[in-house]
Amino acid sequence: MSMPNPPVRETQSVCCAPYEASAPLGWWQSDGAAPLFEAEAFCEAIRHIHKPFYIVKKGDSLGIARGGAVALGPQPGADGALPVVGWAPAAPIRYLGDAGFCADYGLKYPYLCGSMAHGITSVDILETLGRAGMLAFFGAAGLAPADVDRAIETVQWRLGEDTPYGFNLIHSPSESAVEEAVADLYVRRGVRLVEASAFLRLTAPLVRYRLHGIHCDPSGHVVTPNRVIAKVSRVELAEKFFAPPPERLLGQLVAAGHLTQEQAELASHVPVAQDITAEADSGGHTDNRPAIALLPTLCALRDRMQEEHGYPVPLRVGLGGGIATPASAAAAFAMGAAYIMTGTVNQACIESGTSGVVRAMLAEARQADVTMAPAADMFEMGVAVQVLKRGTMFPMRAAKLFELYRQCGGMEEIPAEERVKLEETVFQIPLDEVWRQTKAFFMERDPRQVERAEKDPKHRMALVFRWYLGQAVHWATRGEPSRKMDYQVWCGPAMGAFNEWVRGTFLERPENRDVLTVALNLLHGAAVITRVNHLRGLGVALSPDVRRVTPLERARIEEYLK
C-alpha cells in the first residue's frame, strides 16, 4: 500500500518565537525609526556584530528594531510600544575569548596561527596577521639554525618592536643539540615569544629560554621578558607547563652559568607557560584527541593549578586542532577557550611556505583523506604525524620503512628483494648513496649522529629512512613534479571541513585563499553564530537563510566590524 505524499509546507518565515503565550521580555518605544521586517534586515542585523538590536512583535510579524528605549519586564509599555521577544547584544570579536590574553600580547583579536614546520608558517603570514592584530608563529622546526636566524632578522626588520609575532621551538629528543642551538638563538636575538610544540617533557633549553632575564621590578613583581605558549594534548604534560620550573633543571642551569641563584629562586613564582593551547585532532604531531573532551579537561587543570600556585597573572587555555569553520571557532569560544589557533587551513593559503601544487591538493581534501604516518624527527620512537593521503603514496611508503626498521638490525639485514624495491620506487637511488648524502648533512647539523651511526647499524638505517621522510617534505614545499607521489603534507580533518564550508564560494579556489580573509571569516562567523545561539536561548528561532554563515569578501567583513 503506497503512502500519500506529505503536504507541501510553506517556506519558513525569517524569524519566529515558538512560545506565543509567553510574556514579552520587555517593551520597545521607537525614537522615530520603524522596525524592519524584511529578510535582508534580519541578515544585516545579525552580521553587524558591533550593533545590538531587538526583535519586536507587531501583529503576527516579528521585526528588527534599533535605537529607541526599552523597558524590561512584562508590564505593558506606553502607547505605541511594541513587545520585545528577543534581543542580541553586541558581540565584538575581541571579547569572544579572553580579553586579558589579547591585552597581554598586544592583540586585537584572540586568533593565533600555529607553527607549521619548514617555514610553511612563513614570514609573510607573520607579517600579515601581526599587522592585523593577530599572532602567528614562524615554522622553525626542521630548519637549520642559520635559516631560522635569517627568518628572525627578516621578521624583526619588517615588523619592528610593536607588531606581535612568535617563533616555534620544537622538542627534538633525537637532536638535542639542534633544540639547544635554536633556543640559544632566540635568547641572543631577543625573540620574546615562542610556541613550544611536540614536547614529551620539559627540557633545559626550553626552561633556559623562559627564564632568561627574569628579575624583580621596583615594585617587587617578578618579570619574565620571555614567554612560552605551549601546545599540548596530555594532562600530565600540561601540568608540568603550568607549574614552576622543576628544581632539577634549575640546578643544571645555575651550574652551567645560565641563571644566577637569585634568578632560580624567582623562578618558583612563575609557570613555565602561562598559556597553553589544547591541541586536539590536528595536522602534523597529534594525539588525535577530541576537542570537546580535551578543552574542558585542561580548563579544569588550569583552575586547579591557578588555585594551587596563586599566580598574579591567571593561567589560560586556548584551543587548536579541528578549527577551520565559524561553527568550530564558535564552539571553542563557547567552551571557554581564551583564544583559537588554526593550522592546516593556513597551509592552504597563498602566503604559506609551501607550493601551489600542495595548496591545490589541500583544496580537494575531505575529512577522511588523512591518516597517520611515521614522523621524521621521532622516527625511532614510533611517533606519528597526521598527513594527507589523497594523491600521495607517502603514508604507505613511510609505514613500510618503519616496519622494516622494527624487523631489521641494519640495512644489511633488509631482504634483497625488499631493498631493490626501496631503491627503485621509494628512494630512487641506491641506499649507499642515501647514506653518503645523509652523512654529509649530519656532519654539518649534528656530527654526533654520524659517530653513533658508524657504530650502530640500526641507527644508520634509521637516519637513511629519515632521509626519505625529510625529503618528502622538501619535495612537497618545492612542488617537485617528479616526486608528487611522495609528498608529505601535514593535514588534519579540519581541512575537509573548511573545503565543505567554502564549496561554491570564492574561497573554493586555492588562489583566493589568503590568511587574513580566512581568519576574519572564521572570527566574524563565530560572532554571528554566538548571536544566533543567544537568540535561540531566548526562544527565538531564525530561518536557515538568516542564520547561515557563508564566506564573505574581506571588504564586506570589515564593513560589518565597524
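Can you name the residue in the stretch 43-64 that is in contact with a Pro (Cβ under 8 Å, 6 or more places away or on another chain) and within 19 Å of Tyr560 (Cβ to Cβ) and is also surrounded by the most Cβ atoms within 10 Å (Cβ to Cβ) among such residues?
Ile49
I'd like to know if the stretch 309-329 contains one or more residues that are in contact (Cβ under 8 Å) with a residue 24 or more places away in the chain, aromatic (Phe, Trp, Tyr) and assigned to a loop (DSSP other than H, G, I, E, B).
Yes: one or more hits.
Show me the helices (runs of 4 or more DSSP H) found entirely inside the stretch 406-456 where at least 3 residues are outside the structural domain of Glu179 (by TED's automatic domain parsing) and touching a strand residue (DSSP E or B) at 6+ places or on another chain (Cβ under 6 Å).
Values: elements: 416-421, 431-445, 447-455.
Counting at least 3 such residues, we get no helices (runs of 4 or more DSSP H) at all.
Checking the structure you have, find out if any residue of the stretch 105-124 is under 26 Å from Ile46 (Cβ atoms), outside any loop (DSSP other than H, G, I, E, B) and free of Cβ contacts under 8 Å to residues at least 40 places away in the same chain.
Taking every residue of the stretch 105-124 in turn, none turns out to be under 26 Å from Ile46 (Cβ atoms), outside any loop (DSSP other than H, G, I, E, B) and free of Cβ contacts under 8 Å to residues at least 40 places away in the same chain.
Given the criterion among the β-branched types (Val, Ile, Thr) and closer than 26 Å to Asp281 by Cβ, identify the matching residue among Val450, Val426, Val434, Val489.
Numbers: Val450 fails: closer than 26 Å to Asp281 by Cβ; Val426 fails: closer than 26 Å to Asp281 by Cβ; Val434 fails: closer than 26 Å to Asp281 by Cβ.
The conditions single out Val489.
Within the stretch 473-498, which residues are in contact with a helix residue (DSSP H, G or I) (Cβ under 6 Å, 6 or more places away or on another chain), in a loop (DSSP other than H, G, I, E, B) and without any contact (Cβ under 8 Å) to a residue 24 or more places away in the chain?
none
Any residue at all in the stretch 434-451 that is surrounded by 16 or more Cβ atoms within 10 Å (Cβ to Cβ), without any contact (Cβ under 8 Å) to a residue 40 or more places away in the chain and of a type in the set (Lys, Arg)?
Checked against the condition, which is being surrounded by 16 or more Cβ atoms within 10 Å (Cβ to Cβ), without any contact (Cβ under 8 Å) to a residue 40 or more places away in the chain and of a type in the set (Lys, Arg), the stretch 434-451 yields at least one hit.
Could you tell me how many of the residues in the stretch 174-196 are without any contact (Cβ under 8 Å) to a residue 40 or more places away in the chain and part of a loop (DSSP other than H, G, I, E, B)?
Selection size over the stretch 174-196: 3.
Pick from Gly142, Gly130, Gly97: which is surrounded by fewer than 24 Cβ atoms within 10 Å (Cβ to Cβ) and over 26 Å from Val385 (Cα atoms)?
Working: Gly142 fails: over 26 Å from Val385 (Cα atoms); Gly97 fails: surrounded by fewer than 24 Cβ atoms within 10 Å (Cβ to Cβ).
None of the others qualify; the one that does is Gly130.
Results for (1) assigned to a helix (DSSP H, G or I); (2) within 20 Å of Ile323 (Cβ to Cβ); (3) of a type in the set (Ser, Thr, Tyr), shown as yes or no for each residue.
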{"site": "Ala41", "(1), (2), (3)": "yes, no, no"}
{"site": "Ile46", "(1), (2), (3)": "yes, no, no"}
{"site": "Pro83", "(1), (2), (3)": "no, no, no"}
{"site": "Leu126", "(1), (2), (3)": "yes, yes, no"}
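So which of Leu253, Leu315, Leu259, Leu266 is within 15 Å of Val235 (Cα to Cα) and in the same structural domain as Gly336 (by TED's automatic domain parsing)? Full working, then the answer.
Numbers: Leu253 fails: within 15 Å of Val235 (Cα to Cα); Leu259 fails: within 15 Å of Val235 (Cα to Cα); Leu266 fails: within 15 Å of Val235 (Cα to Cα).
Step by step, each of Leu253, Leu315, Leu259, Leu266 is checked, and only Leu315 is within 15 Å of Val235 (Cα to Cα) and in the same structural domain as Gly336 (by TED's automatic domain parsing).
Kindly list the number of the only condition in (1) over 30 Å from Ile55 (Cβ atoms); (2) part of a helix (DSSP H, G or I); (3) under 20 Å from the mean Cα position of the chain (by Cα) that fails for Trp501.
(1)
I'd like to check something: does the stretch 214-233 contain any residue that is assigned to a helix (DSSP H, G or I), farther than 20 Å from Ala256 by Cβ and modelled with pLDDT of 95 or more?
There is no residue in the stretch 214-233 that is assigned to a helix (DSSP H, G or I), farther than 20 Å from Ala256 by Cβ and modelled with pLDDT of 95 or more.
Just the residues that are surrounded by 15 or more Cβ atoms within 10 Å (Cβ to Cβ) and either more than 39 Å from the chain's Cα centre (by Cα) or among the small types (Gly, Ala, Ser) (or both), please, taken from the stretch 68-87.
Gly68, Val70, Gly77, Ala81, Leu82, Pro83, Val84, Gly86
Identify the single condition in (1) surrounded by 23 or more Cβ atoms within 10 Å (Cβ to Cβ); (2) under 30 Å from Lys58 (Cα atoms) that Gly114 does not satisfy, given that it satisfies every other one.
(2)
What's the number of the only condition in (1) crowded, with 21+ Cβ neighbours inside 10 Å; (2) in contact with a helix residue (DSSP H, G or I) (Cβ under 6 Å, 6 or more places away or on another chain); (3) touching a residue at least 60 places away in the same chain (Cβ under 8 Å) that Arg302 fails to meet?
All conditions pass for Arg302, except number (2).
The values are calculated or read from the model by the stated rules, or taken from the named source; none is laboratory data. Computed from a prediction, not measured in an experiment: that's the story for all the values here. Neighbour counts run over all protein chains shown; Cβ positions are idealised from the backbone, glycine included.
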